[in-house]
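I have placed the structure first, in the form of structure tokens, so that the comments after it can refer back to it.
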Amino acid sequence: MVQYDTIIIGAGMSGLAAGIRLAHYDQKVCVLERHTTIGGLNSFYRMNGRDYDVGLHAVTNFTPAGAKKGPLARLLRQLRFRWEDFELSEQCGSAIAFPSARLRFTNDIEVLKSEIAREFPNQRDNFERLLGQLADYDDLKQENFAGSARAFLAETITEPLLIEMLLCPLMWYGNAREDDMDYGQFCIMFRSIFLEGFARPFKGVRLILRALVRRFRSLGGELKLRSGVSRIKVDGDRAVGVVLDNGTELWAKRILSSAGIVETQRMCEDITEEVPARAGQLSFIESISVLDCQPNKLGFGETIVFYNDSDQFHWRKPIDSLCDLRTGVVCSPNNYLYPAEVGNLNDGIMRLTTIANFDRWMALDEQEYARQKCWWYDRSVASAVRFVPDFRAHTIDTDVFTPKTIRRFTWHDNGAVYGAPEKKLDGTTHLKNLFLCGTDQGFVGIIGSIVSGISMANMHCLRDP
Amino acid sequence: MTPAEIRDEIIDILSDIAPDEDLSGLEDSKSFRDQIELDSMDFLDIVMELRKRHRVQIPEEDYGQLASMDSTVTYLEPKMRDI
């Protein structure tokens with residue numbers, strides 16, 4: 001009988017980071033992954049001779065080498081990595097584009113300040129006051145997490161359009177709730193995007209994942225791919241082990257799951273009635289257009305553009321159609337300040353994300369699914385080129401992922417990208433030794449997911465060996 | 001271990017946890033937090049490294065004893081004397 005100290009469900013960023021912490025402190029740890037590869041939502045693949053990231057636009061929470069505060073510095077210390085190990089290059093500059101205003105921002109908050117002073121002169125002091133209010137939020141304590149971000153912003157910012165514009169990138173990169181955002185989630189996202197910023201490794205997400213896996217294995221951790229958990233075995237108020245899809249049983253003193261709150265509860269054999277559908281509603285399609293030249297040759301020099309085609313930002317699942325084309329995110333992985341010696345990516349790449357309806361995408365038969373992918377690729381790109389230079393004539397290859405793809409990679413209900421709207425911040429469950437990590441802690445993005453894995457491992461799995 | 005050896009070991013642990021910190025000017029009577037950037041996660045690591053390296057168990061209610069180098073060495077001396 002194999003008995004582990006801790007079994008971790010899911011080999012994404014959070015599960016691997018938790019695994020490193022536990023293995024470093026001599027636990028016998030096993031990470032179980034249903035998919036054939038690591039990464040979960042943030043995975044990577046190769047197609048037609050080209051390397052792709054599944055979802056990466058940017059590593060948020062960027063802080064420079066030597067910074068001692070912030071999530072990136074914290075995770076590097078906790079996992080014993082050097083800053084150089086993640087090979088992060090900073091963004092060239094991004095923008096929030098609405099029809100009547102455009103705000104540029106970089107990893108230096110002064111740029112956003114001056115842009116706000118330019119577009120909204122009477123909001124300059126209000127924005128300064130907002131920054132003062134946000135400086136003290138501690139994302140580890142997460143006090144006052146609940147509460148409306150819109151109401152909070154309206155206390156300080158008196159120009160409704162500016163509120164919409166500030167919320168647009170923050171919701172796009174990490175809001176599981178429709179329409180409004182929890183105050184705590186807002187604070188986390190504001191810091192990660194506006195106060196810290198965007199960066200990317202030249203080689204993409206595989207560089208970070210490989211660093212995590214290599215470290216985990218070197219510490220004696222076990223990683224089992226193609227090993228989905230079909231059931232969590234329960235004895236009284238404790239989890240005792242798992243049953244894999246192939247029937248294998250594994251035993252553990254405790255289990256840490258990155259599968260999501262609802263998805264994890266469903267695995268527990270003591271919960272017999274169907275768990276109410278509390279999964280997130282927000283899922284996306286994302287297209288990748290490969291160009292025959294660098295995007296800046298076509299006049300696109302920005303790293304990321306968040307666009308919205310009216311003064312009101314709509315953040316909700318489309319009901320009547322497969323996608324909502326009113327808002328989107330365009331990102332070019334070419335537009336980072338890579339070191340001169342590595343040059344730039346061979347191909348020009350434009351990534352475009354659009355909100356989608358999971359149920360409608362899942363209901364399509366195979367032929368219709370393929371047809372709709374092409375149709376919505378065309379329409380979403382046509383929508384985006386209202387805000388960025390038209391790159392369509394230079395496209396030499398494309399790929400599209402849909403909510404169905406996300407489901408296949410992550411097994412998350414609804415293909416939800418940012419987890420359930422009701423966050424379980426402390427990671428506890430109805431069982432004394434079953435805990436959650438990953439997107440359901442409110443931390444999102446690569447750095448957030450890694451910090452989530454670390455903090456849940458520290459809080460629940462390290463103290464009693 | 002003698003108090004001086006315990007001090008060296010704590011310095012080694014700190015340089016492992018926070019490799020970017022210059023620890024040469026550390027004042028033993030002042031709190032770690034006032035001199036180097038350590039958060040609650042880092043303090044947990046001091047405890048965990050002591051357990052990993054020397055099997056020294058530090059109960060959670062005693063974490064406050066690790067505030068400065070002086071208080072840490074005083075607290076650990078009886079626990080590490082025979083190592």
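Checking residue A:104 against (1) surrounded by fewer than 23 Cβ atoms within 10 Å (Cβ to Cβ); (2) part of a helix (DSSP H, G or I): exactly one of these is not met. Which one?
(2)
Mind listing whichever residues of the stretch A:415-435 are more than 26 Å from residue A:197 (Cα to Cα) and touching a Ser or Thr at 6+ places or on another chain (Cβ under 6 Å)?
A:415, the sole residue that qualifies.
Being under 30 Å from residue A:65 (Cβ atoms) and of a type in the set (A, V, I, L, M) narrows it down to one residue among A:167, A:161, A:195; which is it?
Of the residues listed, the single one that is under 30 Å from residue A:65 (Cβ atoms) and of a type in the set (A, V, I, L, M) is A:195.
Could you please find all residues in the stretch B:58-68 being away from every other protein chain (no Cβ under 14 Å) and of a type in the set (Ser, Thr, Tyr)?
B:68
Pairs under 9 Å by beta carbon, first residue closer than 20 Å to residue A:413 by Cα in the stretch A:440-461, partner of a type in the set (Asp, Glu) and assigned to a loop (DSSP other than H, G, I, E, B), six or more apart or different chains?
A:440/A:422; A:441/A:426; A:442/A:139; A:443/A:139
How many of the residues in the stretch A:448-465 are within 14 Å of chain B (Cβ to nearest Cβ), crowded, with 24+ Cβ neighbours inside 10 Å and either more than 28 Å from residue B:58 (Cβ to Cβ) or of a type outside the set (Gly, Ala, Ser) (or both)?
Qualifying residue count for the region: 5.
Within the stretch A:27-55, how many residues turn out to be part of a loop (DSSP other than H, G, I, E, B) and either under 23 Å from residue A:407 (Cα atoms) or modelled with pLDDT under 95 (or both)?
Of the residues in the stretch A:27-55, 11 are part of a loop (DSSP other than H, G, I, E, B) and either under 23 Å from residue A:407 (Cα atoms) or modelled with pLDDT under 95 (or both).
With (1) surrounded by 15 or more Cβ atoms within 10 Å (Cβ to Cβ); (2) within 13 Å of another protein chain (Cβ to nearest Cβ) as the list, and residue A:41 as the residue in question, which single condition is left unmet?
Evaluating residue A:41 over (1) surrounded by 15 or more Cβ atoms within 10 Å (Cβ to Cβ); (2) within 13 Å of another protein chain (Cβ to nearest Cβ) leaves (2) as the failure.
Would you mention how many residues in the stretch A:69-98 are within 9 Å of chain B (Cβ to nearest Cβ), outside any helix (DSSP H, G or I) and in contact (Cβ under 8 Å) with a residue 24 or more places away in the chain?
1
Before we move on, is residue A:286 touching a Phe, Trp or Tyr at 6+ places or on another chain (Cβ under 9 Å), acidic (Asp, Glu) and assigned by TED's automatic domain parsing to the domain that holds residue A:439?
In short, no.
Quick one: count up the residues across the stretch A:379-400 that are within 17 Å of residue A:318 (Cβ to Cβ) and of a type outside the set (A, V, I, L, M).
Residues meeting the conditions: 3.
Can you tell me which residue among A:126, A:144 is part of a helix (DSSP H, G or I) and more than 14 Å from every other protein chain (Cβ to nearest Cβ)?
A:126
Quick grid of which residues meet (1) of a type outside the set (A, V, I, L, M, F, W, C); (2) more than 22 Å from the chain's Cα centre (by Cα); (3) not assigned by TED's automatic domain parsing to the domain that holds residue A:353:
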position: A:131; (1), (2), (3): no, yes, yes
position: A:136; (1), (2), (3): yes, yes, yes
position: A:155; (1), (2), (3): yes, yes, yes
position: A:162; (1), (2), (3): no, yes, yes
position: A:167; (1), (2), (3): no, no, yes
position: A:173; (1), (2), (3): yes, no, yes
position: A:179; (1), (2), (3): yes, no, yes
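For the condition part of a helix (DSSP H, G or I) and charged (D, E, K, R), what is the one hit in A:215, A:278, A:254?
After ruling out the rest, the residue left standing is A:215.
Just to be sure before I move on: is residue B:71 of a type outside the set (A, V, I, L, M, F, W, C), without any contact (Cβ under 8 Å) to a residue 24 or more places away in the chain and within 14 Å of another protein chain (Cβ to nearest Cβ) in the structure I sent?
When the stated conditions are applied, residue B:71 does not pass them.
Could you identify the single residue in A:222, A:178 that is closer than 25 Å to residue A:310 by Cα and either surrounded by fewer than 21 Cβ atoms within 10 Å (Cβ to Cβ) or of a type in the set (Ser, Thr, Tyr) (or both)?
On inspection, the qualifying residue turns out to be A:178.
What are the residues in the stretch B:15-57 that are crowded, with 17+ Cβ neighbours inside 10 Å, within 14 Å of chain A (Cβ to nearest Cβ), among the hydrophobic types (A, V, I, L, M, F, W, C) and over 17 Å from residue A:66 (Cβ atoms), if any?
B:32, B:41, B:43, B:44, B:46, B:47, B:48, B:50
Please determine whether any residue of the stretch A:421-436 is within 13 Å of the chain's Cα centre (by Cα) and more than 14 Å from every other protein chain (Cβ to nearest Cβ).
For the stretch A:421-436, residues within 13 Å of the chain's Cα centre (by Cα) and more than 14 Å from every other protein chain (Cβ to nearest Cβ): absent.
Which numbered condition in (1) in a helix (DSSP H, G or I); (2) surrounded by 20 or more Cβ atoms within 10 Å (Cβ to Cβ) is the only one that residue A:388 fails?
Answer for residue A:388: the failing condition is (1).
Could you count how many residues in the stretch B:23-60 are assigned to a loop (DSSP other than H, G, I, E, B) and within 17 Å of residue A:76 (Cα to Cα)?
So the answer is 4.
Go through the stretch A:104-139 and give me each residue that's at pLDDT 95 or above and of a type in the set (Asp, Glu).
Within the stretch A:104-139, A:108, A:110, A:115, A:119, A:125, A:128 meet the criteria.
One residue is enough: does the stretch A:24-33 have a residue meeting the conditions farther than 27 Å from residue A:353 by Cβ, within 14 Å of chain B (Cβ to nearest Cβ), among the aliphatic types (A, V, I, L, M) and buried (at least 23 other Cβ atoms within 10 Å of the Cβ)?
Looking for residues that are farther than 27 Å from residue A:353 by Cβ, within 14 Å of chain B (Cβ to nearest Cβ), among the aliphatic types (A, V, I, L, M) and buried (at least 23 other Cβ atoms within 10 Å of the Cβ), one finds none in the stretch A:24-33, hence no.
Which residue out of A:310, A:289 is over 23 Å from residue A:421 (Cα atoms), at pLDDT 95 or above and part of a loop (DSSP other than H, G, I, E, B)?
Result of the check over A:310, A:289: A:310.
Looking at (1) at pLDDT 95 or above; (2) in contact with a helix residue (DSSP H, G or I) (Cβ under 7 Å, 6 or more places away or on another chain), which one does residue A:238 not meet, given that it meets all the others?
Going through (1) at pLDDT 95 or above; (2) in contact with a helix residue (DSSP H, G or I) (Cβ under 7 Å, 6 or more places away or on another chain) one by one, residue A:238 breaks only (2).
Which one is nearest to residue B:5 (Cα to Cα) among residues in the stretch B:61-83 that are assigned to a loop (DSSP other than H, G, I, E, B) and of a type outside the set (A, V, I, L, M)?
Among them, the one singled out is B:81.
If residue A:123 satisfies every condition in (1) out of contact with any Asp or Glu (no Cβ under 7 Å at 6 or more places or on another chain); (2) farther than 30 Å from residue A:52 by Cβ but one, which is the exception?
Condition (1) is where residue A:123 drops out.
The values are calculated or read from the model by the stated rules, or taken from the named source; none is laboratory data. Everything numeric here is computed off the predicted structure, so don't read it as measured data. Here Cβ is always computed from backbone atoms with ideal geometry, including for glycine, and neighbour counts include all displayed protein chains.
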